[in-house]
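Comments concern the structure below.
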Amino acid sequence: MRLSDLKSGESAVIVKVLGHGAFRKRVMEMGFVKGRRIAAILSAPLKDPVKYSLMGYEVSLRRSEANMIEILPIEGDYDTSADIPKAKVMEDADYSERHRERYEDERHVINVALIGNPNCGKTSLFNVASGAQEHVGNYSGVTVDSKAGVFRQGGYTFNVVDLPGTYSLSAYSPEERYVRRYLRENNPDVIVNVVDGSNLERNLYLTTELIDMDHPMVIALNMYDEMRSAGVVLDYEALGRMIGVPIVPTVSRTGEGVLNLFDTIIEVYERRNAVVRHVHVRLGHDFEEAITDVKDAIKADKSVDPHYSPRYLAIKLMEGDTEAEDAVRDTAGGDAILALRDRKLGELGRLHPEEDVSSMIAGEKYGFIAGALAETMQRSKKQRNDTTHLIDALVTSRLFGFPIFLMVMLFIFWFTFFVGQYPQDWIEAGVGWLAGIVNGHMADGPLKDLLANGIIGGVGGVIVFLPNILILFFFISFMEDSGYMARAAFIMDRLMHKIGLHGKSFIPLVMGFGCNVPAIMARSSRAITVLITPFTSCSARLPVYVLLIGTFFEPHAAFVFLGIYIMGVAAAVVTAKVLRKFFFKRDETPFVMELPPYRVPTMKTSMRHMWAKGKQYLSKMGGIILLASVIVWALNFFPLRDASPADVQQLNIEESDEIDPERDSYLEMMGKAVNPVLAPLGFSWRATVAAIAGVPAKEIVVSTLGVLYTGSDEVSEQTLSQRLSTPLAGASTPDFNRANALSFMIFILLYCPCVATIVAIVKETRSWRYGLFTILYNTALAWVVAFAAYRLALFF
C-alpha cells in the first residue's frame with residue numbers, strides 16, 4: 001500500500017521509501033524512514049497536497065510524492081490531537097506483536113526488476129530464480145511484457161519482474177518505452193542489470209543510462225563461464241567500485257552465482273553495501289555545463305514528476321526525447337525549462353557544428369566504458385568465437401544458407417510426424433480403451449453418448465496429438481536458444497526486403513509456428529508484420545495437419561508438412577507486398593539485429609520450454625476444448641432421432657411424436673445451411689461445421705471432427721483417421737479424400753485466425769479496422785486458394 005492511499009484519520013507504518021537521489025534523501029532527512037508511524041490528517045480542497053503527522057510535527061506532501069512511500073496500515077483510527085511517539089515503532093509499547101510481525105514481513109519484501117540487452121541471459125536468470133518457465137529467445141522482442149515470479153532467500157521474499165530486452169532507455173522501440181514507463185510507475189526497490197560478459201562493452205551502454213536514472217542497482221555479470229573460456233580476465237570488483245554498482249558473476253544456464261546475486265541485492269536494499277555510490281558518467285566539459293544548467297532548473301521546479309532523476313531527465317531533454325518533453329511541458333516551469341534546453345542546444349551546436357547531441361552522448365558514454373574496461377579487463381589474445389565464424393560461413397552463405405534452412409525445417413517436420421507417431425498411437429489406444437469401458441459398462445442413453453462420443457471423442461481426438469506438439473516446440477526452442485533463429489532472419493533479409501519488410505520480421509513468422517498471439521506481440525513496430533503473422537501455421541493447427549496428412553499423405557508426410565508451412569509463408573509474402581504497395585508505403589524501421597554467438601542449449605532449458613507449452617495445450621483440454629466438445633455434441637444429438645426406449649425414459653419424453661427419425665440435428669441444419677458456401681471446396685457439412693467451430697480456437701477443429709465422426713457401435717473401435725476415410729452409414733463414399741483433405745488443410749491454414757489472435761491484432765494496431773480486415777481478407781484468400789488446390793488435386 002502507498003502513503004497516497006491512506007485516508008484522513010488513518011495511521012500507518014512506513015515500510016520503505018522508493019525513488020532515488022535528491023527526493024529520497026530529502027524525505028528521509030525529514031523522518032520518512034522505515035519503521036516510523038505516520039498519520040494522514042487532511043487533504044487540501046482539491047485533494048492535493050495532503051497533510052501528514054510524523055514525529056510530532058506536520059508535513060505536507062503531494063500525492064505523487066506520497067505514492068513513492070510504501071506503508072503498512074494500522075487498524076483503528078488515529079487521534080490527530082495526540083502526539084506521535086518519536087521512538088521507532090518497533091519500540092512502541094502499544095504496537096501489538098501482530099502488527100510487528102506484519103511489518104517485518106512487509107519490510108522483507110524486495111521488488112526486483114531484471115533489465116538487460118536481448119541475448120544477455122536475463123530471462124534464463126529469471127527462470128532459475130523464480131522457477132518460472134518463460135521462453136528464452138536470441139532477439140529483441142521475445143519478452144514483450146513483464147513476467148513476474150517469486151524467489152525466497154535469507155528470510156527475504158523477492159518479487160522478480162523480467163522486463164523486455166532493450167539496448168537503451170530511449171523512446172524509440174516499444175521495448176524501450178515499456179521499460180522506462182515501468183521504472184517510472186513502479187519504482188522497483190533494486191534493479192538487476194544483467195550484462196553479457198562475452199559482449200561487455202556494448203552491454204554497459206544500458207548500464208550508463210541506468211546509472212543516470214539513479215536507482216539502487218546490482219549488475220549480474222552473466223555468461224561468466226564464456227568469459228573464462230575465452231581467456232578474458234576482468235577485475236569486476238574494481239569495475240564495480242569505479243562505477244558505484246556492485247557486480248556479481250553469474251551463469252544463468254547452470255545457476256552459478258545466483259544465490260550470491262540475491263545476497264548482494266539484500267545488501268543494496270538494506271543500504272549496507274560499501275560499493276554503492278552515485279557516479280556521474282561524464283559527458284564532456286561543454287555538455288556537462290549545459291546538462292547542469294538544465295538539471296538545476298528541473299530540480300528547482302517542484303512540480304516535475306519526482307519519479308525521474310533530474311540528471312536523467314535533463315540528458316533526455318537534450319536528446320529531444322518526446323516522453324521527457326511531455327514530463328516537463330505541463331509543469332509550472334515547463335516552458336522555461338524547454339526554452340533553456342533550446343538555448344543550450346544552440347550553444348552546443350555552435351561549439352560543435354559537426355556533431356549532433358545524440359552522437360556526442362553516445363560517444364562520451366562509450367568512451368567512459370572503454371576507459372573503465374581498459375583499467376579492469378585483460379582481453380585474450382586468442383581469436384574469439386572461431387566456432388561461430390565457421391558455422392556462419394556455412395549457414396549464412398549464398399550457396400548453402402537457404403538449402404540448410406529448408407533441410408532443418410524438413411527434418412523437424414519429419415521428426416514431428418514419424419517419431420511422434422509412436423506415442424500418438426499409445427495415447428490413441430488409451431483413448432479407445434477408455435471409450436470402450438464407457439460403451440461396455442454404461443446403459444444406453446444421452447449420458448453415455450455424451451461421455452463416449454462427446455467428451456472422449458472430442459477431447460480425446462485432440463489430446464492424441466500432444467506428442468507432436470511437444471516435439472515441435474522442443475525444436476523451435478532449440479533453434480532459438482542456439483542462435484540459429486537470428487541467422488534465419490539474416491539470410492531472409494534480402495527476400496523480406498523485396499516485400500517491404502526486413503529480416504527481423506521473419507522471426508515472428510517462425511514464432512507463429514508455436515502460437516500467433518505471442519508472435520504478434522513480438523513483432524516489429526509496423527502493422528504489416530502484425531497482419532501477415534496469422535498466415536503462419538500455429539501449433540493449434542498442427543493436429544489438423546497430423547490427422548489428415550497421416551490419413552491421406554503418409555508416404556510423403558514431411559514434404560506435405562513443409563509445403564503447408566511454405567504456403568502460409570507465401571501467403572504472408574504476397575499480402576505484405578500488397579499492403580506495402582497500397583497502404584503502408586513508408587518504412588522507417590532499419591534492419592539492425594544482433595547475431596549472438598552460437599550456444600549449445602541445455603537439455604533442461606529446452607525440455608522446460610517444451611513442457612511449459614505442453615501444459616498450456618493440456619490446460620485447453622479441460623477448458624475451451626471440453627466446453628466446445630459438449631456444445632457440439634449437444635447440437636448434434638438434439639433433437640432426438642432414432643431414440644431408444646432408454647433415451648425416452650431418461651429424458652422423460654411421454655409423447656412418441658416428439659421424436660422425429662427423419663429430422664436433422666441442430667448442428668446438421670446449421671452445417672447444411674452454410675455448406676453451399678464451402679461445398680465448392682469439397683467440404684461436407686461436417687467439415688463446414690468443424691471449420692466454423694475453429695474460429696474461437698483452432699484446436700476445436702479436430703475435437704469437432706472427433707465428435708461428428710464418432711457414434712455408431714460399428715465404428716467405435718476405429719481411430720478417427722480410419723473413420724474419416726470410411727463411408728458413413730448410408731453413404732457410398734467417405735466425406736474426406738486426398739483432394740478435399742488438402743483443400744481443408746489449406747483453408748484451415750489461411751482463413752480467419754482465432755479470437756485471441758484477432759484481439760492481439762486489434763490491441764497491437766490500436767484499431768478494430770485491422771481486426772475486421774484480417775477476418776474478411778484472410779477468409780476470402782483461404783477460399784480462393786483452397787478452391788484452386790481442390791480443383792487441381794482432382795486431376796491427380
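The values are calculated or read from the model by the stated rules, or taken from the named source; none is laboratory data. No experiment lies behind these values; they were computed from the predicted model shown. Because the Cβ atoms are built from the backbone with ideal geometry, glycine has one as well, and the counts that use them run over all protein chains shown. Side chains are part of the model used for accessible areas, which takes the heavy atoms of the whole protein and leaves out ligands, DNA and RNA. Shrake-Rupley method; radii C 1.70, N 1.55, O 1.52, S 1.80 Å.
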Kindly rank 752-764, 680-692, 51-63 from highest to lowest mean number of other beta carbons found within 10 Å of each residue.
680-692, 752-764, 51-63
Which ³J(HN,Hα) values, rounded to whole Hz and listed in residue order, are derived for the range 298-304 from phi using the Karplus coefficients 6.51, -1.76 and 1.60 in 6.51 cos²θ - 1.76 cosθ + 1.60 with θ = phi - 60°, glycine and proline given as x?
5, 5, 6, 8, 6, 8, 5
Would you mind getting me the FRET efficiency between PHE559 and TRP426? Use the beta-carbon distance for r and R0 = 35 Å, nearest 0.05.
0.85
Taking Rh as the Kirkwood radius computed over C-alpha pairs, what is the Stokes-Einstein D of the range 672-796 at 4 °C in a medium of viscosity 1.567 mPa s, expressed in µm² per second?
83
Quick one: with all protein chains in place, what share of the accessible area of the range 282-330 is carbon or sulfur, to the nearest percent (1.4 Å probe)?
46
Cα convex hull of the range 257-307 - mean projected area over all directions, nm²
5.8
In square angstrom, what is the accessible area per residue of the range 383-461 with a 1.4 angstrom probe?
56
Could you please report the charge total around SER43, scoring K, R as +1 and D, E as -1 over all other residues with beta-carbon less than 10 angstrom from its beta-carbon?
+3
So what are the ³J(HN,Hα) numbers for the range 425-437, from phi and the Karplus equation (6.51, -1.76, 1.60; θ = phi - 60°), rounded to whole Hz, Gly and Pro as x?
5, 5, 5, 5, 5, x, 5, x, 4, 5, 5, x, 4
Per-q log10 I(q)/I(0), the range 281-332, q = 0.18, 0.23, 0.31 Å⁻¹ (Debye; single scatterer per alpha-carbon; no solvent)
-0.52, -0.82, -1.32
Contour minus Cα-Cα distance for ALA780 and VAL33 (0.36 nm per residue)
262.5 nm
Determine the order of ARG329, ARG24, ARG398 by accessible area, beginning with the largest, at a probe radius of 1.4 Å.
ARG398, ARG329, ARG24
Under a 1.4 angstrom probe, counting protein chains only, how are TYR790, TYR422 ranked by accessible area, largest first?
TYR422, TYR790
Can you tell me which of 211-221, 351-361 comes out highest on packing, and rank the rest after it, using the mean Cβ neighbours within 10 Å?
211-221, 351-361
Over all directions, the range 222-302 yields a Cα convex hull whose mean projected area in nm² is 8.2
Additional length obtainable on full extension of the chain from LYS577 to SER397, 0.36 nm per residue less Cα span:
62.2 nm
What residues qualify as long-range amide H neighbours of LEU42, i.e. H under 5 Å apart, gap of 5 or more or another chain, H built at 1.01 Å from N?
LYS51
When the solvent-accessible surface of protein heavy atoms is calculated with a 1.4 angstrom probe, in what order do TRP633, TRP426, TRP768 fall, highest first?
TRP426, TRP768, TRP633
Both in Å, the radius of gyration and Dmax of the C-alpha trace of the range 268-370 are 14.9, 47
Listed here are the pairs LYS604/LYS763; LYS295/LYS344; LYS577/LYS613; LYS47/LYS763; LYS16/LYS295; LYS615/LYS698; which of them are more than 23 Å apart at the Cα?
LYS604/LYS763; LYS577/LYS613; LYS47/LYS763; LYS16/LYS295
FRET efficiency for ARG769 and LEU792, Cβ-Cβ distance as r, R0 = 30 Å, nearest 0.05?
0.30
What accessible surface, in Å², does a 1.4 Å probe find on HIS556, ignoring ligands, DNA and RNA and rounding to the nearest 10?
110
Here the net charge surrounding ARG686, from other residues whose Cβ is less than 9 Å away from its Cβ (Lys, Arg +1; Asp, Glu -1), is -2
FRET efficiency for ALA336 and LYS51, using Cβ-Cβ distance with R0 set to 35 Å, rounded to 0.05:
0.75
Net charge near LYS295, counting Lys/Arg +1 and Asp/Glu -1 over other residues with Cβ under 12 Å of its Cβ?
-2
